[in-house]
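As structure tokens, the structure follows; a few thoughts come after it.
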Amino acid sequence: MNKIEFEFPNHNRTSGAIFSDCGKYRYLLWRCWHQSNPKLCIIILNPSDEESLSDNPLIRRSVNLAYKWGYGGIALVSLFSYITSDQKILYDVKYPVGPLTNQYIEAAQSQCKDILFAWGLHGHFLERGRAIQEKYKQGVCFGLTSNFQPKLLLHSTLKTEAVNYQALINQTPHIDTISL
């Protein structure tokens, strides 16, 4: 596959998003408020209908968090680029990941200093969460869900400390199931 190139625009106060030609997938959303500061890549589960270009609660929380931490912008990408407000629909869609999702995750991450995992419970679907966390071992999160996925961004506060996901997984006792 061809490598996707992405660079934050060379000026402050920019925002935008990249969608598939069919409009069913959003690959990347960005906000930039200070060009010279480092950027934060945030990986969520999937884009919502209401996140296209308006600043919904998730976008506002992402921007506020990144600003508080001293970043100059965010690149928001998803495990699944299919646009839906109902995460359960992802299980029924033929191609929930999207044909260019991995390339846009790579492109966004390459332009950012740090990476935050925030995809929640459904990250186990199609082993997407595992594939991303294995590739980006430096990723941080705000704790784990009951099935050891990174907690959603909206389930944390601006005072919540981020920890390295890999270190957290390594110190968390896992319950092994026994087949009878």
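The values are calculated or read from the model by the stated rules, or taken from the named source; none is laboratory data. If you're wondering where the values come from, they're calculated on a predicted model, not measured in any experiment. All Cβ positions, glycine included, derive from the backbone under ideal geometry; neighbour counts span all protein chains shown.
Mind telling me which of the residues 39, 68 ends up being within 20 Å of residue 9 (Cα to Cα) and touching a residue at least 40 places away in the same chain (Cβ under 8 Å)? Even if it seems obvious, please write down each step before you answer.
On the way: 68 fails: within 20 Å of residue 9 (Cα to Cα).
Answer to the check: 39.
Does region 12-52 hold any residues that are hydroxyl-bearing (Ser, Thr, Tyr) and either part of a loop (DSSP other than H, G, I, E, B) or surrounded by 15 or more Cβ atoms within 10 Å (Cβ to Cβ) (or both), and which are they?
Taking region 12-52 and keeping what is hydroxyl-bearing (Ser, Thr, Tyr), we get 14-15, 20, 25, 27, 36, 48, 52.
Those that are hydroxyl-bearing (Ser, Thr, Tyr) and either part of a loop (DSSP other than H, G, I, E, B) or surrounded by 15 or more Cβ atoms within 10 Å (Cβ to Cβ) (or both): 15, 20, 25, 27, 36, 48, 52.
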Problem set entry | The listed residue being assigned to a helix (DSSP H, G or I), crowded, with 19+ Cβ neighbours inside 10 Å and not acidic (Asp, Glu), out of 115, 169, 105 | 105
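Only one residue in 172, 157 is in contact with a strand residue (DSSP E or B) (Cβ under 7 Å, 6 or more places away or on another chain) and modelled with pLDDT under 90. Which one? Spell out how you get there, then give the answer.
Numbers: 157 fails: in contact with a strand residue (DSSP E or B) (Cβ under 7 Å, 6 or more places away or on another chain).
Just one listed residue meets the conditions, 172.
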Exercise. Given (1) part of a helix (DSSP H, G or I); (2) crowded, with 20+ Cβ neighbours inside 10 Å; (3) in contact (Cβ under 8 Å) with a residue 60 or more places away in the chain, where does residue 129 come up short, assuming only one miss?
Worked result: (3)
For this session: Could you list all residues from region 15-60 that are farther than 20 Å from residue 5 by Cα and of a type in the set (Asp, Glu)?
Result: 49, 50, 51, 55
